[in-house]
Amino acid sequence: LFAIVSCASIGCYLIYMLFVRQLISPYRHLPTAKQPSLWRRLFHEPTPFELRYWMQETPNNGLVRFFGFLNQERLFITSAGTMKQVLQKDAQKYDKLPWLGNLQSAVGVSGLVSSKGDLHKLHRKVTIGAFNDLSTRILYPEIWTSILKIVTDVPKLIADCSTIKVNLLLQLACLEISLHAGFGIDIDILRDPQQPIAQNYLRPFQLGERSSLYMKLLHICPVALQLPAVALISKLMGVNVWRMRTLLIRNQDDGRTEANESHDIMNGLLRRGYNRLSERVLMRHLMTTMAANTEMVSNQLSWAIYALSHPDNLHVQTRLRNEIHASFPNPPATMSWETMHCQNYLLGVVNEILRLYPNVGHRGRVVNADTMLDNLHLSKGTILVWPVYATNRDPRQWGPDADIFKPERWNPAESVDKETKRWNAFSFMTFGQGLRKCPGESYTRVVMASMLMGLIGRFEFRRPD
């Protein structure tokens, strides 16, 4: 009898979740995206390209309703004003998606990324100083030194290999830069990619399609079982966070003394946070730093090479190379932050790459308490999505050429369209906005610009015929 009742209860629950809930939803009056039948999309989470299509084709006033994995209801934001309210004005009413934070913790990424409320404010206060513009300016000579060495090593690497994966090359290069500028560790990873620190760290980011599978498994996993599930995923990924601790925090005691004058990111975090946060939390912050400085930056650089080598954009690559050679006929042994920031076209290329090819196509929040948004009552647990990819290419904000790779749009002196000079901050969402805006924006821009200066200044990139 118990088994029959249990099966009947599960069946009723599934019927409610899959069929009934959407019919009685308080959001059923909102504009709804046109999607395939339930059975064709039951295990599908809409892509950034689908969100962009719905954003343009579904008449709306700032919110569009759609259904994701297992027919779960979502609302996605289509207007800059609504995004501003969610991300800035009422940011504390919206939390990051819990299963995403748990999956990130599998590779040691948490702390500032997943904390909430007052704890997030504390984490941000402690960590923001290690990533702001001033810290990046101080670090810049070290960043340029690493890049100069990497660019010098590339020809030898090409000579030793018949084929090189550009994304792996940039991943290793960004890891080497991160270790040098972020942790004060000098290792020639490009010359010896099999070193333990490289292999142990990069393994989790070579999952391919499995990462989506892990996300869906956590999505359907009950909250009470998510932590054991994360531990299992860590083993499947081959991640050993505490092995990374022994590799990275070897000079931790020195970093905790005020006499230590090192300006790397690790010592900056330790100086600000050792008496406020536990050692474990600080370790998580350092792992988050490595993830962002390595994986996120290398992905953006890969997209940069992809875009600049496109036949339609070879003129951009040529102009960029000419600007670099005009300023630096030979790569300078030293470089200041101010000198790099005088390269206007280079900075325009970086901005355009970040706009057209964001690392994350869309981001989500979950409502943590009943609230109002644009005169709409949102219940606790409602999932909101804002489409980064679609917003960055929105013709209403960027004009009819929003899909065109056009670095000069970022230089007011060259822009013939006055509207492009007044773009809304919430129309460029690669780093987010508001209280949870990515603190590594300055570091990402600087490393991208410097790496492109080194690579494009020395090499020509073309796609195979």
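The values are calculated or read from the model by the stated rules, or taken from the named source; none is laboratory data. As the structure is a prediction and not an experimental result, all values here were calculated from the model. No Cβ is skipped: glycine too gets one built from the backbone with ideal geometry, and neighbour counts run over all protein chains shown. Just so you know, the surface numbers come from the protein's heavy atoms only, side chains and all, with ligands and any DNA or RNA stripped out. Shrake-Rupley method; radii C 1.70, N 1.55, O 1.52, S 1.80 Å.
Odds and ends about this structure:
- The criterion of at least 3 residues that are open to solvent by less than 30 Å² (accessible area, probe 1.4 Å) is met, among strands (runs of 3 or more DSSP E) falling completely within the stretch 302-401, by 363-367, 383-386.
- Restricting attention to the stretch 427-454, the residues that are assigned to a loop (DSSP other than H, G, I, E, B) and among the small types (Gly, Ala, Ser) total 2.
Conditions tested, residue by residue: (1) surrounded by fewer than 20 Cβ atoms within 10 Å (Cβ to Cβ); (2) over 21 Å from the mean Cα position of the chain (by Cα); (3) under 19 Å from MET290 (Cβ atoms); (4) at pLDDT 85 or above.
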residue	(1), (2), (3), (4)
PHE69	yes, yes, no, yes
LEU75	no, yes, no, yes
MET83	no, no, no, yes
LEU97	yes, no, no, no
LEU103	no, no, yes, no
ALA106	no, no, yes, no
SER110	no, no, yes, no
ASP118	yes, yes, no, no
ARG124	yes, no, yes, no
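- For GLU408: the one exception among (1) of a type in the set (Asp, Glu); (2) part of a loop (DSSP other than H, G, I, E, B); (3) at pLDDT 90 or above: (2)
- Subset tally (residues that are β-branched (Val, Ile, Thr) and in a loop (DSSP other than H, G, I, E, B)) for the stretch 1-44: 1
- Taken over the stretch 155-170, the criterion of being open to solvent by 10 Å² or more (accessible area, probe 1.4 Å) and part of a helix (DSSP H, G or I) is satisfied by PRO155, LYS156, LEU157, ILE158, ALA159, ASP160, VAL166, ASN167, LEU168, LEU169.
- Qualifying residue in the stretch 290-308 (condition: modelled with pLDDT under 90, within 24 Å of the chain's Cα centre (by Cα) and farther than 17 Å from ALA449 by Cα): yes
- Of all residues in the stretch 433-452, those satisfying the criterion of being open to solvent by less than 10 Å² (accessible area, probe 1.4 Å) and either farther than 25 Å from LEU170 by Cα or at pLDDT 90 or above (or both) are VAL446, VAL447, MET448, ALA449, SER450, MET451, LEU452.
- Some residue of the stretch 52-64 being hydrophobic (A, V, I, L, M, F, W, C) and without any contact (Cβ under 8 Å) to a residue 40 or more places away in the chain: yes
- Top-ranked residue in the stretch 33-67 [being open to solvent by 50 Å² or more (accessible area, probe 1.4 Å) and among the aromatic types (Phe, Trp, Tyr); ranked as farthest from HIS377 (Cα to Cα)]: TRP39
- Looking across the stretch 180-198 at every residue that is touching a residue at least 60 places away in the same chain (Cβ under 8 Å), assigned to a helix (DSSP H, G or I) and of a type in the set (A, V, I, L, M, F, W, C), the one that is surrounded by the fewest Cβ atoms within 10 Å (Cβ to Cβ) is identified as PHE183.
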